[in-house]
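Accompanying notes for the structure given below.
The values are calculated or read from the model by the stated rules, or taken from the named source; none is laboratory data. Fair warning: this is a prediction, and the values are worked out from it, not measured in the lab. All Cβ positions, even for glycine, are placed from backbone atoms using ideal geometry, and neighbour counts span all protein chains on display. Each accessible area value is taken on the protein alone, full model and side chains, heavy atoms only, with ligands, DNA and RNA left out. Shrake-Rupley method; radii C 1.70, N 1.55, O 1.52, S 1.80 Å.
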Amino acid sequence: MEAPALSQQGATPGGEPLGLAIDTTFDDTSVALLRGRRRVLANVTLSQYADHAEFGGVVPERASRRHLEVIHPLIEAALEEAGRAESAPVRLQDVDYVAVSNLPGLLGSILVGMTVAKSLAYLLGKPLIGVNHIEAHPYANVLEHGEPAFPLMHLVAAGGHTVLIHQTDHFAWRIVGRSVDDAAGECVDKVAKLFGHPMPGGPAVDKAAMTHEPGPYDFPRPLLNDPGLDFSFSGLKTAMTYFLRDCGDAVPEEGPVLAAFFRSVTDVLTAKTLRAASQYGANGVTVSGGLAASRRLRQAFEAACAEAGVALYYPPPRLCTDNAAMVACLAAYRYEAGRWDDLTLEGYPNLPM
Ligand code: KG4
Ligand code: ZN
C-alpha cells in the first residue's frame, strides 16, 4: 500500500490523522486512539493479573481467551472516551490507520490483537501498521516530552525484557544490550513473591526501597563491572533465595532486605545505561517499561544522570506499564512516513537480535 499525499491525510479535512492502536502482547489488553503524533484521545487498558493469580504466573491459553473476551468492549470504550476528548462523536470510520503490536510476546495473545486489527483495517479500507512493542515503549516519552532529541540511549525495563536501545532517528535503532537471562522486572516480581507479595511485585519492592535503608544487607550486582552492555538478573534472584533459606527461622525484617535487593537492581541499570550512553555518544537517556514506574528507580536515574550531565526522560507511571498509546505514537510516525504493512503481516514471539 502506498501512503496518500499529505493533504489527503486525516478523516477530518485538513485535520490530523486519527490512529487506532491495539496491544495484546502479554497479559494486558490495551486500546488507544491518537490524534496526530501526540494527542491521546483514549488509552484504555485492562490488566489480567487477577485472572492468573491462582496459577502464580500468566497462563498463555487463558491470556488469549481473556484478550478475546475484552477486546471489542475495550474498542467501544476507547471510542467513547475519544468522543469525550474531542467533544464530538469518534467513530471507527473516522480512523485513518490501524496499528497493532505484532512482536514480541505470547504468540497466542499477539494473534488476538492482530486478527482484530487486520479485520478492522480490511473493513475500513485503511492501512495496517505492525509495531514492535519494545521499540514502542520509549515513545511513551514522545507523548510526554515531545519530539525526541536524537541520538538517545533507551533503557526499556519491563516484565519480560530488559534492553538498551541506541536510537539515532525514527525507525533507526539497534539493541546494544539485553538481559542474557531474566528481565529485571521478572527478577523483581520473583523476589517479591519470595516475600509473599502478589503479582506484580514491583510496587511492593519500590515501596520498601522508598521507605527503608539497606542497613547491613548487600547483594550481588551482576555484570556491573563487566565492560559489555548486557544484563543478567537470574543470579541475583538465586542469591535472594539462598539468603532467605540461610536465614531459616530468623526471618529478617523485609523492608531493609528488599531495599538492599532493589539497590543492586538500580545500581546495575543506571551504571550500564550511562555507560552505554557515553559509549554511543547519546544526547540523553530515556527510561520506560513497567519498572520505570518505580519512584526509587527514577531517583537513582536522576542522581546518575545529573552527575554525568546527561539529559533524562521518563514517562508518567501510566505510560510506563504496557499501553497502546505508545504503540499509536510510534505508528503515527510510521503512518506519516508511509511505512505501512498489509494483511500478510505476521506475529512473532521473540525480539530479533
Ligand atoms: O512493561 P510492563 O507493564 O510489562 C511488560 O511489558 O512486561 O512491566 C511490568 C513490570 C513488572 O515487573 C512490574 O512488577 C513492574 O513492571 N512494575 C513496577 C511498578 N509498576 C509495575 N515496578 C516498580 N514500581 C512500580 N510502580
Ligand atoms: Zn511492555
State all residues of segment 270-298 that are open to solvent by less than 10 Å² (accessible area, probe 1.4 Å), part of a helix (DSSP H, G or I) and either under 13 Å from A311 (Cα atoms) or within 16 Å of ligand 2 (Cβ to nearest atom) (or both); if no residue qualifies, say none.
T273, A277, A292, L297
Scan segment 217-233 for residues that are surrounded by fewer than 20 Cβ atoms within 10 Å (Cβ to Cβ) and in contact with a Pro (Cβ under 8 Å, 6 or more places away or on another chain) and jot them down.
Y217, S232
Kindly list the number of the only condition in (1) touching a Gly at 6+ places or on another chain (Cβ under 8 Å); (2) away from ligand 1 (no atom under 16 Å from the Cβ) that fails for Q93.
(1)
Tabulated pairs, segment 18-45, first without any contact (Cβ under 8 Å) to a residue 60 or more places away in the chain, second open to solvent by 10 Å² or more (accessible area, probe 1.4 Å) and among the charged types (D, E, K, R), C-beta under 6 angstrom, 6+ apart or interchain:
R35/E16; L41/R35; A42/E81
Of the residues that sit in segment 45-60 and are away from ligand 1 (no atom under 15 Å from the Cβ) and open to solvent by less than 70 Å² (accessible area, probe 1.4 Å), which one is nearest to I110 (Cα to Cα)?
V59
Sort out for me the strands (runs of 3 or more DSSP E) sitting completely within segment 1-107 that have 1 or more residues that are modelled with pLDDT of 95 or more and over 24 Å from the mean Cα position of the chain (by Cα).
none
Where the second residue is in a helix (DSSP H, G or I) and the first is open to solvent by 40 Å² or more (accessible area, probe 1.4 Å) and lies in segment 238-261, which pairs have Cβ atoms under 8 Å and are six or more apart or on separate chains?
T241/L194; F243/V257; L244/L194; E254/A208
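Give the residue that is most open to solvent (accessible area, probe 1.4 Å), with candidates limited to residues of segment 315-344 that are outside any helix (DSSP H, G or I) and either within 12 Å of ligand 1 (Cβ to nearest atom) or modelled with pLDDT under 95 (or both).
It comes out as T321.
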